[in-house]
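The values are calculated or read from the model by the stated rules, or taken from the named source; none is laboratory data. Not measured: the values here are computed from a predicted model. Glycine gets a Cβ as well: all are built from the backbone with ideal geometry, and neighbour counts include every protein chain shown.
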Amino acid sequence: MVPLSLPLFLCLLLAVPLLAAAQQMSSFSATDKPWRPTDSNRTLVSPKGDFAAGFLAVAASSPATYRFAAWVVGANSTDRAVIWYAHHTNYSPSEAGAASSLAVDAAGSLSWSDGAANSSSAVIWSPGPALSSSATTTAALLLNDSGSLLYGAAAWSSFGEPTDTLMAGQAIPGGGNGTTLQSANGRYRLYNAATLQFNGSLFYANVSSGSALLNLTDDGKLQLSGATQLIASDQGTTNRVRRLTLDDDGNLRLYSLIPKTRRWNVVWQLVQELCTIRGTCDAGRICVPVGADSVDCVCPPGYRNTTLKGPCTPKKNYSGSGKDDKFVRMDFVSFSGGAATTATDPGPLMSKLPPKNLADCESTCRDDPKCVAFGYKFGGDRTCQTYTALQDGYWSPATEMSTYLRVVSSDNDTNPFTGMTDMIQTVCPVTLALPVPPRQSETTIRNVAIITTLFAVELLAGVLSFWAFLRKYSQYREMARTLGLEYLPAGGPRRFSYAELKAATKDFSDVVGRGGYGTVYRGELPDRRAVAVKQLHSVGGGEAEFWAEVTIIARMHHLNLVRMWGFCADRDQRMLVYEYVPNGSLDKYLFAGAGAGGSNGGDGEEESSSSSSEQQKQQQPLLDLHTRYRIALGVARAIAYLHEECLEWVLHCDIKPENILLEDDFCPKVSDFGLSKLTSKRDKVTMSRIRGTRGYMAPEWVIHREPITAKADVYSFGMVLLEIVSGRRNYGFRQESVGSEDWYFPKWAYEKVYVERRIDDILDPRIAASYDDAASVATVERMVKTAMWCLQDRAEMRPSMGKVAKMLEGSVEITEPVKPTIFCVQDD
């Protein structure tokens with residue numbers, strides 16, 4: 001018995017997978033037994049195995065209900081992307097219990113019945129058109145390799161009845177009441193293949209201005225009416241399964257299935273700011289973006305809700321008479337007017353008033369007991385609008401609206417929606433309180449007054465004499481510093497003596513860099529702080545003029561600016577004491593070992609102090625794309641601060657990788673700012689000589705007819721931004737790669753991106769291996785587009801640095817740039 005039972009046992013083991021595999025059907029016809037939802041292993045598969053169809057359980061339903069659907073096979077058995085499901089005429093999914101069944105009767109009719117015990121079982125779903133008599137004999141349900149369910153020799157196709165997804169090559173039919181696609185939760189729909197709507201009436205996005213969606217091609221192109229198309233990040237890649245889905249969050253996204261991992265990758269989405277989608281948050285809540293792919297719904301000041309979801313209500317109610325309330329300003333916050341029939345309709349919850357000033361707009365809302373808030377746009381149009389309810393609130397830097405929320409006067413909630421509306425306090429106020437002297441006799445008071453007056457006169461005479469003595473005899477200045485006079489008023493930088501800095505730098509022995517303004521030494525103060533001491537060369541002006549410039553530079557506090565701690569103005573010595581940035585300058589990471597573009601050059605560039613520094617260059621860690629993007633954004637914010645937010649208007653005039661220093665976490669810090677020119681914001685700069693470094697200077701430096709403005713720094717930043725993306729020096733790369741006198745680095749980059757469509761060619765080849773996802777593509781495209789606008793030869797065409805920072809952040813739309821004109825500064 002033992003020799004016979006072992007082969008039998010092995011046969012049973014081999015039969016188990018064969019039985020399981022037998023449940024995967026290539027077709028379903030009248031010869032097959034009825035298909036019940038409880039047949040969990042029974043599926044209909046496409047010839048190549050990419051698609052499957054069958055019954056899927058509806059999550060969180062009791063008792064259990066099922067849907068009949070088609071899906072794309074994922075990385076595992078539970079990873080399914082449903083592309084179609086049986087539904088009613090109003091696009092609502094068809095559902096039934098475990099007793100229902102799908103069957104083909106003898107007449108060739110396919111139907112899904114509820115499985116009632118009597119003979120009058122109801123039909124849940126069946127294919128739309130009736131079959132001809134010739135097709136009934138061979139009627140079978142098939143699933144082809146494009147993801148379409150077919151029945152009756154292609155008499156019916158699921159592609160003709162789309163739900164929330166369109167596949168490649170699928171025609172777009174005109175659905176009922178104009179609906180093309182509808183999200184699975186029923187809240188959103190794509191209307192007439194052109195407009196996204198919420199709850200059937202609220203418009204919030206268009207596929208393209210004046211165009212409608214025609215189809216999705218096999219190579220990833222979204223064809224639109226008017227012979228236009230939308231560009232996806234993997235457009236042109238073949239042998240990929242793609243789907244266009246209206247997700248439950250209301251966004252229309254194009255997904256691409258990665259063949260190796262069988263995972264979906266988002267390669268295009270219609271709405272970039274998720275908070276602008278209607279219905280994202282409940283009434284009274286404000287939508288705040290969290291990263292690039294998620295949002296958070298929060299209650300405004302004075303409102304509350306005990307749960308994470310649901311509407312927010314006021315903590316306390318005001319009378320409405322206008323005497324017990326106040327308005328809380330929320331910057332960059334806007335609300336909708338509720339249900340609207342068109343994109344321009346404000347809705348019943350909003351009233352757009354004629355242009356008026358802020359005080360009149362506030363008075364209008366206060367006089368209306370139903371007004372809960374008003375919005376005001378600080379611009380020439382003086383837009384004012386009032387709200388009777390808070391609906392679809394969202395925060396976005398792109399909106400120019402400020403909302404004033406009406407709350408009770410006693411409310412003291414913190415307001416997280418504040419912009420930079422208050423003046424920065426640079427000096428801490430000090431309040432002195434003196435005790436009140438006790439009452440004394442008139443004689444005592446008179447004596448005290450006489451003694452005090454005499455003492456004050458003597459003290460004043462002594463101070464004036466001592467001050468005159470110091471001004472006449474300069475040799476006693478060291479004595480004044482010893483007495484503590486080197487400390488300037490609170491909030492200002494410290495004044496160091498030459499001897500202190502000589503001791504801190506070990507007799508100026510540790511050179512860490514040389515530049516156009518002087519030599520930099522590393523030092524250590526007595527309190528163990530590491531500092532960088534810059535010994536300035538050829539600095540004109542007297543001590544008073546030098547102190548005035550240093551005072552202004554010391555007031556510039558920004559995360560991405562090197563902090564100045566003090567200075568030295570001892571005889572003819574002029575030095576600046578900065579914080580020490582350990583990782584050195586950006587050029588050592590961009591151009592070290594990068595080939596032809598990595599050689600240092602130019603009068604204003606820093607040089608290493610020894611041959612050991614050259615060996616360290618080769619050992620610098622490689623900056624990935626995310627780090628390079630953070631560095632570019634930090635430098636843009638720092639320059640925008642110098643141009644637009646300082647008390648004085650400051651031009652850098654020498655923006656280049658050598659003047660961008662990196663912290664331990666590669667946080668960028670701009671150096672050498674404020675040393676070129678300080679002027680009023682109302683004036684344009686007129687320079688007596690060219691300032692800057694070859695390869696980074698704007699055309700107006702050479703064309704002397706043009707005044708020098710802040711747009712010169714914008715041009716230099718655009719050149720640095722291209723070098724960050726490409727890892728190549730803009731002038732060194734020309735000499736070895738092209739060798740033409742007409743070669744121009746921005747022109748080359750423009751042709752690669754916008755003519756040849758080969759954005760990979762300008763990316764640093766050392767990080768090309770990590771450049772394969774949609775986020776990386778969008779980041780590089782945004783950086784290159786911003787650089788192209790910064791490198792326009794006409795200064796008025798370049799954006800301001802504040803707008804450049806927003807372009808890099810992705811908070812403003814970037815239009816297609818104009819091709820930069822060839823410009824270069826020839827070597828002498």
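Tabulated data for the structure shown
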{"quantity": "Selected residue [out of contact with any helix residue (DSSP H, G or I) (no Cβ under 8 Å at 6 or more places or on another chain), acidic (Asp, Glu), modelled with pLDDT of 85 or more and assigned to a loop (DSSP other than H, G, I, E, B)] from 683, 664, 742, 654", "calculated": "664"}
{"quantity": "Within the stretch 26-41, tally of residues that are small (Gly, Ala, Ser) and under 18 Å from residue 127 (Cα atoms)", "calculated": "3"}
{"quantity": "Within the stretch 161-203, strands (runs of 3 or more DSSP E) holding 3 or more residues that are under 22 Å from residue 72 (Cβ atoms) and at pLDDT 90 or above", "calculated": "165-167"}
{"quantity": "Every residue from the stretch 214-264 that is of a type in the set (Val, Ile, Thr) and either outside any strand (DSSP E or B) or touching an Asp or Glu at 6+ places or on another chain (Cβ under 9 Å) (or both)", "calculated": "217, 231, 237, 238, 241, 245, 261"}
{"quantity": "Test: residue in the stretch 56-67 that is surrounded by 11 or more Cβ atoms within 10 Å (Cβ to Cβ), hydrophobic (A, V, I, L, M, F, W, C), touching a Leu at 6+ places or on another chain (Cβ under 7 Å) and modelled with pLDDT of 90 or more", "calculated": "no"}
{"quantity": "Enumeration of residues in the stretch 771-801 that are surrounded by fewer than 17 Cβ atoms within 10 Å (Cβ to Cβ) and farther than 26 Å from residue 589 by Cβ", "calculated": "794, 796, 797, 800"}
{"quantity": "Extreme residue, surrounded by the most Cβ atoms within 10 Å (Cβ to Cβ), among residues of the stretch 758-770 that are under 13 Å from residue 780 (Cα atoms) and more than 23 Å from the chain's Cα centre (by Cα)", "calculated": "761"}
{"quantity": "Sole residue being within 51 Å of the chain's Cα centre (by Cα), at pLDDT 90 or above, under 15 Å from residue 35 (Cβ atoms) and buried (at least 16 other Cβ atoms within 10 Å of the Cβ), chosen from 113, 148", "calculated": "113"}
{"quantity": "Qualifying residue in the stretch 347-361 (condition: in a loop (DSSP other than H, G, I, E, B), at pLDDT below 80 and over 29 Å from the mean Cα position of the chain (by Cα))", "calculated": "yes"}
{"quantity": "Hits in the stretch 564-581 (condition: among the basic types (Lys, Arg) and either in contact with a Gly (Cβ under 7 Å, 6 or more places away or on another chain) or free of Cβ contacts under 8 Å to residues at least 40 places away in the same chain (or both))", "calculated": "574"}
{"quantity": "Some residue of the stretch 407-419 being β-branched (Val, Ile, Thr), in a loop (DSSP other than H, G, I, E, B), within 28 Å of residue 352 (Cβ to Cβ) and at pLDDT 60 or above", "calculated": "yes"}
{"quantity": "Subset of the stretch 68-91 that is without any contact (Cβ under 8 Å) to a residue 60 or more places away in the chain and more than 23 Å from residue 252 (Cα to Cα) - its residue that is surrounded by the most Cβ atoms within 10 Å (Cβ to Cβ)", "calculated": "68"}
{"quantity": "Any hit, the stretch 753-770, residues being among the polar types (S, T, N, Q) and modelled with pLDDT of 90 or more", "calculated": "no"}
{"quantity": "Test: residue 800 is under 20 Å from residue 726 (Cβ atoms), in contact with a His (Cβ under 9 Å, 6 or more places away or on another chain) and of a type outside the set (A, V, I, L, M)", "calculated": "no"}
{"quantity": "Some residue of the stretch 279-289 being among the β-branched types (Val, Ile, Thr), farther than 21 Å from residue 165 by Cβ and free of Cβ contacts under 8 Å to residues at least 60 places away in the same chain", "calculated": "no"}
{"quantity": "Given (1) within 22 Å of residue 235 (Cβ to Cβ); (2) surrounded by fewer than 18 Cβ atoms within 10 Å (Cβ to Cβ); (3) at pLDDT 85 or above, index of the condition residue 749 fails", "calculated": "(2)"}
{"quantity": "Condition met for residue 252 (more than 23 Å from the chain's Cα centre (by Cα), in contact (Cβ under 8 Å) with a residue 24 or more places away in the chain and in the same structural domain as residue 48 (by TED's automatic domain parsing))", "calculated": "no"}
{"quantity": "Complete set of residues in the stretch 364-380 that are exposed (fewer than 14 other Cβ atoms within 10 Å of the Cβ) and either modelled with pLDDT of 85 or more or in contact with a Leu (Cβ under 9 Å, 6 or more places away or on another chain) (or both)", "calculated": "367, 369, 370, 378"}
{"quantity": "Selection status of residue 267, crowded, with 18+ Cβ neighbours inside 10 Å and either in a loop (DSSP other than H, G, I, E, B) or under 25 Å from the mean Cα position of the chain (by Cα) (or both)", "calculated": "yes"}
{"quantity": "Residue within the stretch 92-105 that is surrounded by 20 or more Cβ atoms within 10 Å (Cβ to Cβ), at pLDDT 90 or above, under 23 Å from residue 257 (Cβ atoms) and not polar (S, T, N, Q) present", "calculated": "no"}
{"quantity": "Residue that is of a type in the set (Phe, Trp, Tyr), modelled with pLDDT of 75 or more and not in a strand (DSSP E or B), where the choices are 578, 589", "calculated": "589"}
{"quantity": "Residue in the stretch 540-559 that is modelled with the lowest pLDDT, counting only those that are crowded, with 16+ Cβ neighbours inside 10 Å and part of a loop (DSSP other than H, G, I, E, B)", "calculated": "555"}
